[in-house]
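Below is one structure, written out as structure tokens, with a few remarks after it.
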Amino acid sequence: MKAEMQKTSQCSSFSQRVKKIIQKIPKGKVATYGQVAVYAGHPRAARQVVWILNSSSRKDKLPWHRVINRKGSISLKPGYGYEIQKGLLRKEGVKFGKDDKIDFDLYLWIPS
DNA sequence: CAACTGACGATAG
DNA sequence: CCTATCGCCAGTT
């Protein structure tokens, strides 16, 4: 019986799941593209997550600024959202190192 | 329908 | 440490 397939939702596409996961990221925390992809069920769909942020953030209110790359820094280019994302994160209490890096030990979101 | 793209990730050198 | 390359998936053109 496949009726046990997650009682609540989960029947959506990967993209839909990614959106939900991103919305689950608590304030003051951050997640990586790869991390989100893993929780969505696709360990290597980090690039897909990127696409979704671009696509969905315009329609839905996604905390896209809480999603960063593996290095703990912002991947956007200066003038293309970099400053905006950094500012939003700082407002939520996330601090950046001297290399514009975020300390994962303090801010990485871990859905338990 | 095929090729291209996108804010990545991991591995190899 | 850095660059280069492949892989990954879905949406656009």
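The values are calculated or read from the model by the stated rules, or taken from the named source; none is laboratory data. What you see is a predicted model; the values in this text were computed from it and never measured. In this analysis, Cβ positions are derived from the backbone assuming ideal geometry, glycine residues included, and neighbour counts consider all displayed protein chains.
Quick look at the values:
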| item | result |
| --- | --- |
| Some residue of region A:39-58 being away from DNA strand C (no atom under 16 Å from the Cβ), touching a Phe, Trp or Tyr at 6+ places or on another chain (Cβ under 8 Å), touching a residue at least 24 places away in the same chain (Cβ under 8 Å) and not in a loop (DSSP other than H, G, I, E, B) | no |
| Flag if A:GLY72 is at positive phi and crowded, with 18+ Cβ neighbours inside 10 Å | yes |
| Total residues in region A:28-55, condition among the aromatic types (Phe, Trp, Tyr) and more than 19 Å from A:GLN85 (Cα to Cα) | 1 |
| Number of the condition not met by A:TYR80 [criteria: (1) within 16 Å of DNA strand C (Cβ to nearest atom); (2) in a loop (DSSP other than H, G, I, E, B); (3) more than 12 Å from the chain's Cα centre (by Cα); (4) not charged (D, E, K, R)] | (1) |
| Candidates A:PRO63, A:PRO111, filtered to the one that is exposed (fewer than 13 other Cβ atoms within 10 Å of the Cβ) and not polar (S, T, N, Q) | A:PRO111 |
| Selection count, region A:93-112, where residues are on the phi < 0 side of the Ramachandran plot and either more than 15 Å from the chain's Cα centre (by Cα) or among the β-branched types (Val, Ile, Thr) (or both) | 13 |
| Matching entry among A:GLN6, A:GLN23, A:GLN10, A:GLN35 (being more than 12 Å from DNA strand B (Cβ to nearest atom) and at pLDDT 90 or above) | A:GLN23 |
| Condition broken by A:VAL36, with the remaining ones in (1) crowded, with 17+ Cβ neighbours inside 10 Å; (2) in contact with a Phe, Trp or Tyr (Cβ under 9 Å, 6 or more places away or on another chain) satisfied | (2) |
| Residue count for region A:83-108, restricted to those that are in a loop (DSSP other than H, G, I, E, B) and touching a residue at least 60 places away in the same chain (Cβ under 8 Å) | 3 |
| Qualifying residue in region A:40-53 (condition: of a type in the set (S, T, N, Q), surrounded by 12 or more Cβ atoms within 10 Å (Cβ to Cβ), at pLDDT below 95 and more than 9 Å from DNA strand B (Cβ to nearest atom)) | no |
| Residue check, A:ARG70 away from DNA strand C (no atom under 13 Å from the Cβ) and either of a type in the set (Phe, Trp, Tyr) or within 20 Å of A:GLU83 (Cα to Cα) (or both) | no |
| Matching option when the condition is touching a strand residue (DSSP E or B) at 6+ places or on another chain (Cβ under 9 Å) and among the charged types (D, E, K, R), among A:ARG70, A:ARG58 | A:ARG70 |
